[in-house]
Amino acid sequence: MNFQEILEKIKTKHEVLESKEDLGVLNAYIATAKIAAVAAFMKDELKFEQLNFITAVDFPANNAIEVVYHFFSYETADSVVLRIKLDRAKAEVPTISGVFKTADWHEREASEMFGIKFSGHPDLNRLLLPDGIESPLRKDYKNPDMTPLPKA
Amino acid sequence: MIKAPFEMEKISDEEYILNMGPQHPSTHGVLRIVLKLDGEVVTGLYPDVGYIHSSVEKMCENKKFEMITPYTDRLDYLSAVNYNWAYVAAVEKLMGIQLPERAEYMRVMLAELNRIMSHLLWYSAFGMDVGALTPIFYAFREREEVIDMVEGMTGGRLTHHAFRIGGFKNDLQKDFLSRLEKFLAKFEDRICEYEALLINNVILTARTKGVGILDKDTAINYGVTGPVLRGSGCAIDLRKNAPYSVYSKFDFRVCTGKNGDTWDRLKVRMDEMRESAKILKQAAAMLPAGEFCAKVPRVIKPAPGEVYTKVESARGEFGVYMVSDGTEKPYRIKFRSPSFSNLSVLKEITIGSKIADVVAIMGSLDLVIPEIDR
């Protein structure tokens, strides 16, 4: 399937806010509340049975954090990226760990790294970071250890 | 990091909590597994990761593209070449660099040698986990030869830093092919020796058959990849399913297991070494002459965009998700590491088995901790 066909198929059942093609891969923006339903649709109907990863990208210039869901189909070897735009100050998105078990750990990681709340997640404890470090992968994160040494 | 993985009121009088790690020898690194036990039977399990989190993704945002390749070695020190590959492939895809044919074949050869190295070390370590101390001496005999070959090519024995953006720094050593041929001539027999020594051993089969059964659907749902997934009977290998580089030109088999138990995962790795040897033979015969590096601009500045490239490493799917904003440094890099997802399934397959089996099951997952923590 090329990206146009996949986009048409998603559009038959769910609303796509915005879409773009990046090096042959479909990037579809989905409404925040719909993500679990669309993920289930991807898995059951379109046979994208593997969720490669979940992560986020911070865009302070647009005051947005984008959550990225990367799917892969073993049958057709196609990839699809679902994206969600969140407000930086109030980053909250429903979990999809009920659909994909692998989302459990990936959401925990994204949560501590970007300060995103995945509502409905069964165990949103810290995964990798110790206490006291908040959202280090946001672009405005400051830490005294990160200042470069003065030039000799 | 987790402080109280189990609520105290949910632990019955018969049960108790045992910490396995972070310094337990069978966790192969700094990993802590909190076990809830009823006598010898595991009733609960909570993996605690992050002890050696080094924030590689954040560091990469402050480095130029060509400076990041060595960091990818250190994610997985046993299969460094494959990790280089996913990264340089991402940059090459963003910049539209076409590799010379020779470089592609050289990459395949190094990656397969690296897979053999990694599986041999896993074989030795797994033997020690379950109490067999001899296999390591057999496996390291061959592993040294492979390391010498890769060292001659790259200069490194552990973190090779083999690949550059666009190809290689230098051509293959003059005697590389003859050494490879000599090695491959005897390697097939040596794998049979390994199997006779450990994998088909009666005591080991009794300890691993029917233990830690992972079924297909659970494996896919948890994002498990690599030999662990193939042990569960899924014939999924990125080299076949989504062939990158020149893998589509080689004739090899995707090795699978039947029952998805611990023994199947061991067997899949042994078979995979045979297939790697087969690929190496073909690649050496097909190796074309020519350049070993493409013409790469002095300043590496990919066009703005996003890319996700993935390779089949020794442990499963390793992927690099990269966002470029058109500057000399990446805007965001995410490493999708196979052991991360493979470890998350541990709870599912361990509950109900004996405490000694936890060691065998964990060994069969072939975890490397730095790539989980990153």
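The values are calculated or read from the model by the stated rules, or taken from the named source; none is laboratory data. Remember, predicted model here, so these are calculated numbers, not experimental data. Don't worry about glycine lacking a Cβ; one is built from the backbone with ideal geometry, like all the others, and counts go over all protein chains shown.
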Quiz item: Does segment B:297-308 include one or more residues that are under 25 Å from the mean Cα position of the chain (by Cα) and of a type outside the set (Phe, Trp, Tyr)?
Solution: yes
Practice problem: Would you confirm whether any residue within segment A:33-45 is under 20 Å from B:Glu317 (Cβ atoms), without any contact (Cβ under 8 Å) to a residue 40 or more places away in the chain and acidic (Asp, Glu)? | Solution: no
Quiz item: Here are B:Val88, B:Val81: which of them is under 15 Å from B:Ser276 (Cβ atoms), among the β-branched types (Val, Ile, Thr), touching a helix residue (DSSP H, G or I) at 6+ places or on another chain (Cβ under 7 Å) and buried (at least 24 other Cβ atoms within 10 Å of the Cβ)?
Solution: B:Val81
Self-check item: Residue among B:Pro297, B:Pro302 that is surrounded by fewer than 17 Cβ atoms within 10 Å (Cβ to Cβ) and not charged (D, E, K, R)
Solution: B:Pro297
Self-check item: Matching residues in segment B:233-280 - criterion: being farther than 16 Å from B:Glu312 by Cβ and of a type in the set (Ser, Thr, Tyr)
Solution: B:Thr262
Self-check item: Those strands (runs of 3 or more DSSP E) lying entirely in segment A:1-97 with at least 1 residues facing chain B (nearest Cβ under 10 Å)
Solution: A:18-22, A:25-29, A:50-59, A:64-72, A:79-87
Quiz prompt | Residue that is surrounded by the fewest Cβ atoms within 10 Å (Cβ to Cβ) [pool: residues in segment A:114-152 that are more than 8 Å from chain B (Cβ to nearest Cβ) and in contact (Cβ under 8 Å) with a residue 40 or more places away in the chain] | solution = A:Asp140
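Residues are listed down the side, and each one gets a yes or a no for (1) under 17 Å from the mean Cα position of the chain (by Cα); (2) closer than 16 Å to B:Asn342 by Cβ; (3) away from chain A (no Cβ under 13 Å):
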{"residue": "B:Ile220", "(1), (2), (3)": "no, yes, no"}
{"residue": "B:Gly223", "(1), (2), (3)": "yes, yes, no"}
{"residue": "B:Pro243", "(1), (2), (3)": "no, no, no"}
{"residue": "B:Asp251", "(1), (2), (3)": "no, no, yes"}
{"residue": "B:Gly257", "(1), (2), (3)": "no, yes, yes"}
Quiz item: Conditions: (1) within 17 Å of the chain's Cα centre (by Cα); (2) closer than 19 Å to B:Ser364 by Cα; (3) of a type in the set (A, V, I, L, M). B:Val81 meets all but one. Number of the miss?
Solution: (2)
Quiz item: Do we find that A:Ile96 is crowded, with 19+ Cβ neighbours inside 10 Å and not charged (D, E, K, R) in this structure?
Solution: yes
Practice problem: Might you let me know whether segment B:38-45 holds any residue that is more than 13 Å from every other protein chain (Cβ to nearest Cβ), modelled with pLDDT under 85 and either part of a strand (DSSP E or B) or under 30 Å from B:Leu280 (Cα atoms) (or both)? | Solution: no
Quiz prompt | B:Ala86 being in contact with a Ser or Thr (Cβ under 7 Å, 6 or more places away or on another chain) and within 14 Å of chain A (Cβ to nearest Cβ) | solution = yes
Quiz prompt | Matching residues, segment A:29-52, being of a type outside the set (A, V, I, L, M) and at negative phi | solution = A:Tyr29, A:Thr32, A:Lys34, A:Phe41, A:Lys43, A:Asp44, A:Glu45, A:Phe48, A:Glu49, A:Gln50, A:Asn52
Quiz prompt | Selected residue (only one of B:Ala277, B:Ala285, B:Ala289 is among the aliphatic types (A, V, I, L, M), surrounded by fewer than 18 Cβ atoms within 10 Å (Cβ to Cβ) and in a helix (DSSP H, G or I)) | solution = B:Ala285
Quiz item: Any residue in segment B:249-266 that is aromatic (Phe, Trp, Tyr), closer than 18 Å to B:Asp366 by Cα and buried (at least 23 other Cβ atoms within 10 Å of the Cβ)?
Solution: yes
Exercise. Evaluate the following for A:Asp145: is it under 27 Å from A:Ile6 (Cβ atoms) and assigned to a helix (DSSP H, G or I)?
Key: no
Quiz item: Can you spot a residue in segment B:4-25 that is within 14 Å of chain A (Cβ to nearest Cβ), closer than 30 Å to B:Val246 by Cβ, part of a helix (DSSP H, G or I) and modelled with pLDDT under 90?
Solution: no
Practice problem: Could you tell me whether any residue of segment B:283-292 is touching a Ser or Thr at 6+ places or on another chain (Cβ under 8 Å) and modelled with pLDDT under 90? | Solution: no
Self-check item: Residue match in segment B:53-68 (condition: under 23 Å from A:Leu128 (Cβ atoms) and of a type in the set (Phe, Trp, Tyr))
Solution: no
Exercise. Search segment B:12-24 for residues that are in contact (Cβ under 8 Å) with a residue 60 or more places away in the chain and pair each with any residue that is part of a strand (DSSP E or B) and among the aliphatic types (A, V, I, L, M) when their beta-carbon atoms are under 7 Å apart and the residues are at least 6 apart or on different chains.
Key: B:Leu18/B:Leu35; B:Leu18/B:Leu37; B:Met20/B:Ile33; B:Met20/B:Leu35
